[in-house]
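The values are calculated or read from the model by the stated rules, or taken from the named source; none is laboratory data. No experiment lies behind these values; they were computed from the predicted model shown. Counting neighbours? That spans all protein chains shown, and the Cβs are built from the backbone with ideal geometry, glycine included. All accessible areas refer to the heavy atoms of the entire protein, side chains included, with ligands and DNA or RNA removed. Shrake-Rupley method; radii C 1.70, N 1.55, O 1.52, S 1.80 Å.
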Amino acid sequence: THWKHGGIVGVFGYGGGVIGRYCDQPGMFPGVEHFHTMRVNQPAGKYYTTDYLRQLTKLWDMRGSGMTNMHGATGDIILLGTTTPQLEEVFWELTHNLDQDLGGSGSNLRTPADCLGSSRCEYACYDTNALCHFLTNEYQDELHRPAFPYKFKFKLDGCPNGCVASIARSDMSFIGTWKDNIKIDQDAVNKYIENDAAYPANAGAHKGRDWGPFDIQKEVINLCPTGCMKMDGKELKIDNPNCNRCMHCINVMPRALKIGDVR
């Protein structure tokens, strides 16, 4: 294409965080002679205040194109399009006025990313936000001064549901699980089987779709990857030592089944 894609444009003291974009026809298109991308380190769990977002977008409207991507594949806040003379200006504003750092780019550690974790989710088996914050601080040098032969990513899933797809999208996955048994509320199991309106399957996610009455055999037991579940009369039994924590049964019947307590 007409664009140089990739490479690193440094800012003072850093070797990563800015991805170079140069047009090979600067004379014909001077407005996009440069169109660098800046990666900004997202907070753990991607929690923002509206005041921070207003300041960030105001800065980018003034110093860049105004276009953002919330968020990039790595997880960062992506600021799309600015020129080389503006890089130090944006970096100064971010670090001195917004208390915000650049993310990783190039052949280095990329910005660690996590799910909401125990701050919001009942399925989280560890504090993803705390670990993400720790890893980000612990490996600052690896984040900002590329010294690897290729990029390297940490991603943190609080449970096997994998809301940040850590296995598919990282080199080192952190996935929370539990050691003890799945907790079962047998009364709630039977409420699902009886199609009680107060107990919709999948927590009501498929409400409005006419899939017929809930069938625990077809929709839960037969789909268990290790075949460790069965109904014994009106009692659901789980062979926990053979459970591989896929979360399917818990997702389908969240009021009947809960993750264990030893997480």
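Assorted remarks:
- Conditions (1) closer than 30 Å to Gly10 by Cα; (2) in the same structural domain as Cys249 (by the TED database); (3) not hydrophobic (A, V, I, L, M, F, W, C); number of the one not met by Tyr192: (1)
- Output for region 77-110, where each listed residue is of a type in the set (S, T, N, Q) and either open to solvent by 40 Å² or more (accessible area, probe 1.4 Å) or over 30 Å from Cys163 (Cα atoms) (or both): Thr82, Thr83, Thr84, Gln86, Thr95, Asn97, Ser107
- Of the numbered criteria (1) surrounded by 13 or more Cβ atoms within 10 Å (Cβ to Cβ); (2) within 30 Å of Ser166 (Cα to Cα); (3) among the hydrophobic types (A, V, I, L, M, F, W, C), the one Phe214 fails is (2).
- Residues of region 28-45 that are in a loop (DSSP other than H, G, I, E, B) and either touching an Asp or Glu at 6+ places or on another chain (Cβ under 9 Å) or of a type in the set (Phe, Trp, Tyr) (or both): Phe29, Phe35, Asn41, Gln42.
- The listed residue being more than 19 Å from Ser107 (Cβ to Cβ) and assigned to a strand (DSSP E or B), out of Tyr52, Tyr22, Tyr48: Tyr22
- All of Pro241, Pro225 fail the test of being closer than 23 Å to Thr177 by Cα and part of a helix (DSSP H, G or I), apart from Pro241.
- Whichever residue in region 132-187 is hydroxyl-bearing (Ser, Thr, Tyr) and assigned to a loop (DSSP other than H, G, I, E, B) and, among such residues, is nearest to Thr95 (Cα to Cα): Tyr139
- Here Phe29 passes the criteria (1) open to solvent by 20 Å² or more (accessible area, probe 1.4 Å); (2) at pLDDT 90 or above; (3) among the aromatic types (Phe, Trp, Tyr) except the one numbered (2).
- Yes/no for Asn242 being at pLDDT 95 or above, of a type in the set (S, T, N, Q), farther than 18 Å from Tyr192 by Cβ and open to solvent by 60 Å² or more (accessible area, probe 1.4 Å): yes
- Residue check, Gly227 more than 29 Å from the chain's Cα centre (by Cα), without any contact (Cβ under 8 Å) to a residue 60 or more places away in the chain and over 30 Å from Ile167 (Cβ atoms): no
- The listed residue being within 23 Å of Thr136 (Cα to Cα) and open to solvent by 20 Å² or more (accessible area, probe 1.4 Å), out of Thr74, Thr57, Thr37, Thr68: Thr68
- Test: residue in region 140-159 that is open to solvent by less than 20 Å² (accessible area, probe 1.4 Å), of a type in the set (Gly, Ala, Ser) and closer than 30 Å to Gly103 by Cα: yes
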